[in-house]
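Reviewing the structure listed below.
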């Protein structure tokens, strides 16, 4: 089950895969987070820390994070703990799911 948090709604979708081997797939973690608790100024600071002032550095570059959407990050399993600590530092509510990516 994968859940996205938005200001007004909670969206949920479910994907089921049967009889799948991990061969040829990369283990990753999908983070869906919320910044609704942050003030406008803190949101800007958060995004600077996330993507850098130039839009290319920050933890996205440091940990090879794929920013899939406004509040969705795809992270390699080896950097998942670092990204999780970043979200905890900013007191962001989040959900994480382990996924396989081809």
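Where a number appears in this text, it was derived from the coordinates with a stated rule and is not lab data. Note that the coordinates shown come from a computational prediction; the quantities given were computed from them, not determined experimentally. Heads up, the Cβs are rebuilt from the backbone with ideal geometry, glycines too, and the neighbour counts pull from every protein chain shown.
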query = Separation between the residue 68 and residue 91 pseudo-spin-labels, each 7 Å from Cα along Cα→Cβ, expressed in nm?
reply = 2.8 nm
key: Residues of region 84-102 with amide N under 16 Å of the 7 Å Cα→Cβ point at residue 39   = 91
note = Cβ density ranking, 10 Å radius, fewest first, applied to 41, 35 yields 41, 35
request  = Order by neighbour count: 83, 101, 72, fewest other Cβ atoms within 10 Å first, most last.
outcome  = 101, 72, 83
inquiry  = 7 Å from Cα along Cα→Cβ at both residue 84 and residue 98: what's the point-to-point distance in nm?
reply    = 1.0 nm
